[in-house]
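Encoded as structure tokens, the structure appears first; notes follow it.
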Amino acid sequence: MSDRIVRAIGLTGGIATGKTAISNYLADVYKFPILDADIYAREAVHPGSPILDSIVKRYGALILLPDGNLNRPELGNIIFCNPAERQWLEQQIHPYVRRRLVEETKRCIAALNLVSQNTLTVVLVVPLLFEANMTDLCTEIWVVYCSPEVQLERLLKRDGLSCDRASARINAQMPLAQKCQQADVVLDNSSTLDSLFLQVDALFMTVGC
């Protein structure tokens, strides 16, 4: 492995800024493996899991749906209006997500040993990359940006939330401007998806990228 290169792109941004559009494009067009923190966060609270048991003990059985799954909208109503409760929940889930990201990155690296390729690019999609202190898992950081007005409009349209609840979800995350300051790459998704994807293609046409 000493002569092989592992490129771990940490893809992040804000809620409703376009992370999924970028990760799907990188998977479909460039065939990069995608490791999605949201998938692992859902794994963490599957029925019967210790983390879900802890959540139920804290908030009661009403936090569950009739089928035993977590009632995510109800949990969201609790944590997005209460920073202390959000912090408690993140302390339960983030260690699990980190462990799964590390495991899957190692799996991708091991698979590289079975083929003749000398390089591996893997994309870690982590909405709370900065907030959860997971930047050390990446070799570079890409932030998907759009204006606050566009972000709010997209979130309202996507999730059908009230303006207050949508704003609470946006404000629960680190401001996008701060994330952009710490990024290696900023992708502007204030316009069309075609414009966004052209920015991605331009990165891979750049020497050394």
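What follows is calculated from the coordinates using simple rules that are stated; it is not laboratory data. Given the structure is predicted, the values throughout are model-derived calculations rather than measurements. FYI the Cβ positions are ideal-geometry reconstructions off the backbone, even for glycines, and counts take in every protein chain you see.
Less than 10 Å Cβ to Cβ from Val45, Lys/Arg counted +1 and Asp/Glu -1: what total charge do the surrounding residues give? The partial results should precede the final answer.
On the way: positive: Arg42, Arg72; negative: Glu43, Asp53.
So the environment of Val45 carries a net charge of 0.
Given Pro50, Ile141, Leu124, which one lies farthest toward the positive end of the charge dipole of the chain, if we put +1 on the Cβ of every Lys and Arg and -1 on the Cβ of every Asp and Glu?
Toward the positive end, the furthest listed residue is Pro50.
What is the sum of charges around Asn189, taking Lys and Arg as +1, Asp and Glu as -1, for the other residues whose C-beta is under 10 Å from the C-beta of Asn189?
+1
Where Lys and Arg each count +1 and Asp and Glu each count -1, what net charge lies around Glu74 among other residues with Cβ under 15 Å from its Cβ?
Computed value for this residue: +2.
Relative to the present Cα-Cα distance, how much length would full extension add between Phe204 and Ala177 at 0.36 nm per residue of separation?
On the way: separation 27, 0.36 × 27 = 9.72 nm, distance 2.43 nm.
Length difference between fully extended and current span is 7.3 nm.
Helices from the chain with mean Kyte-Doolittle at least -0.5 and a Cα length along the axis of 24 Å or more, per DSSP H: which?
On the way: long enough: 83-112 (42 Å, -0.78).
Membrane-span-like by this rule: not one helix.
Kindly state, to the nearest 0.05, the FRET efficiency for Ala84 paired with Glu140, given R0 = 35 Å and r defined as their beta-carbon distance. Intermediate values should be presented prior to the final figure.
Working: r = 33 Å, r/R0 = 0.95.
Rounded to the nearest 0.05, the efficiency is 0.60.
Which peptide among 179-190, 100-111 comes first, and what is the full order, when sorted by highest mean count of other Cβ atoms within 10 Å?
So the order, starting with the most tightly packed, is 179-190, 100-111.
For the stretch 134-209 and the stretch 19-58, what is the separation of their C-alpha centers, rounded to whole Å?
Using only Cα atoms to place each centre, the spacing works out to 18 Å.
Please say if the chain is rounded, prolate or oblate, where rounded means a/c under 1.5 for a ≥ b ≥ c the square roots of the C-alpha gyration tensor eigenvalues, and otherwise the choice is prolate for a/b larger than b/c and oblate otherwise?
oblate
When the dipole is taken about the Cα centre of the chain, and only Lys, Arg (+1) and Asp, Glu (-1) are charged at their Cβ, what size is it in debye, to the nearest 20?
Numbers: 20 positive and 23 negative charges, 73 e Å.
Using Cβ point charges on Lys, Arg, Asp and Glu, the chain gives about 340 debye.
Explain nothing, just the number: relative contact order of the chain, from Cα pairs under 8 Å at least 6 residues apart, as a whole percent.
Over the chain, the number comes to 36 percent.
Sorted by average packing, counted as other Cβ atoms within 10 angstrom per residue and highest first, what order do 196-205, 59-68 take?
196-205, 59-68
Could you work out the helix-only [θ] at 222 nm for the chain, with each DSSP H run of four or more residues adding -39,500 (n - 2.57) and the total divided by the number of residues, to the nearest 500 deg cm²/dmol?
After summing the helix terms and dividing by the residues of the chain, the value is -16000 deg cm²/dmol.
Taking Rh as the Kirkwood radius computed over C-alpha pairs, what is the Stokes-Einstein D of the stretch 69-166 at 37 °C in a medium of viscosity 0.692 mPa s, expressed in µm² per second?
Working: Rh = 16.5 Å.
Roughly 199 µm²/s, to the nearest whole number.
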